[in-house]
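The values are calculated or read from the model by the stated rules, or taken from the named source; none is laboratory data. Quantities reported herein were computed from a predicted structural model and do not represent experimental measurements. A quick note on method: Cβ atoms are made from the backbone with ideal geometry, for glycine too, and the neighbour counts reach across all protein chains shown.
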Amino acid sequence: MVDEIFEKVGHLKNMNVTHGLSGVGLGLMYMMKKSYVAGNPDKVLKMLDDTIYRNIAFMDKSSMLDIGDLIEIIFYLCARLKYGMKKQLERYIFTELAIKLSDHVYYRKDNAFFDEVYPYTIYNKGAMFLLATCKMYELGIHCGRILKIWEEIKHRLFQHVFYTQAGRLLMLLVVSKVAVLCKDKDWIMYSSFLRDHFSWEKLVGNEYKDRQVFFTDGLAGSFLIAECYNRISYDSKIEIDYAYVYKRLFESDIWRDYGNKEMTCRNGLDGYLGIKLLLSYMMKKGGFINETYS
């Protein structure tokens, strides 16, 4: 199975998670961690590691990848350092790569880096960068510099509140994560402020329409973000009506599109497969009636 995967991705030029080699690597790591695929991560992922290293380590200003891609690659580097990668030299190389990329992203950021994205999508570069620095901080990488970054950006970040409830929820998770790690009173206060100005009821009742259910820009993603927030929050938990969310996902008109073979549908985890997996997860957790899709 792994050989077939490498055959199919051998010509991929993209290095990011969304459409590239880093995403393939994260998928393989997950399958090995859950024992769906047997193998040593360091051996199985060696080709991917080497390819990503060659494409990043020697980049100059003229060949540097898009900031969004670099942020996604940091997540892959951190995942490799956390799960597997036993050799000290390889750990050192990947640690230095993560430092290089985080510094480069921060240096290249513009005035709109932390602005809200319209229409809403999880691919907000400022939010994703903060989450990436959290991953690095948890691994003990570049901690002193990351603390300075958090100190520098908070005055810019705290100046406004995102307009959409979905955007507020994303920033609520990110800001709360930083607050938990740095224990800075300003981050903690801003986290509480965001919580006071976020409404789950407005998000699912007014903001998301029937077909807005997918992970990167809809209800499924916001549900998981709220779940993550509830695990780390200093403040009041977000009360989620699991049965209502399940019903919204299950009864969405997207399934009519799915049954229409002439229509182009979203595939993969950010499409129908992802919704099916989430419904299965919710069914096991909440004891909902088993439903199947043809």
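Residue-wise test of (1) part of a helix (DSSP H, G or I); (2) surrounded by fewer than 21 Cβ atoms within 10 Å (Cβ to Cβ).
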position	(1), (2)
Phe75	yes, yes
Met85	no, yes
Tyr106	yes, yes
Asp110	no, yes
Ala127	yes, no
Cys134	yes, yes
Ile149	yes, yes
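So that you can scan it fast, the table gives a plain yes or no per residue for (1) among the hydrophobic types (A, V, I, L, M, F, W, C); (2) within 20 Å of the chain's Cα centre (by Cα); (3) modelled with pLDDT under 75:
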position: Phe250; (1), (2), (3): yes, no, no
position: Glu262; (1), (2), (3): no, no, yes
position: Cys265; (1), (2), (3): yes, no, yes
position: Tyr272; (1), (2), (3): no, yes, no
position: Lys276; (1), (2), (3): no, yes, no
position: Leu279; (1), (2), (3): yes, yes, no
position: Lys284; (1), (2), (3): no, no, no
position: Ile289; (1), (2), (3): yes, no, yes
Filtered residues of the range 154-186 (kept if out of contact with any helix residue (DSSP H, G or I) (no Cβ under 8 Å at 6 or more places or on another chain), more than 17 Å from Phe198 (Cα to Cα) and either of a type in the set (Val, Ile, Thr) or part of a helix (DSSP H, G or I) (or both)): His155, Arg156, Lys185
Residue match in the range 221-235 (condition: modelled with pLDDT of 90 or more, hydrophobic (A, V, I, L, M, F, W, C) and either touching a Lys or Arg at 6+ places or on another chain (Cβ under 8 Å) or farther than 25 Å from Lys183 by Cα (or both)): yes
Hits in the range 231-248 - residues which are surrounded by 15 or more Cβ atoms within 10 Å (Cβ to Cβ) and either under 21 Å from the mean Cα position of the chain (by Cα) or over 25 Å from Ser191 (Cα atoms) (or both): Ser233, Ile238, Ile240, Val245, Tyr246, Arg248
Qualifying residue in the range 217-235 (condition: assigned to a loop (DSSP other than H, G, I, E, B), of a type outside the set (Phe, Trp, Tyr) and touching a Gly at 6+ places or on another chain (Cβ under 6 Å)): no
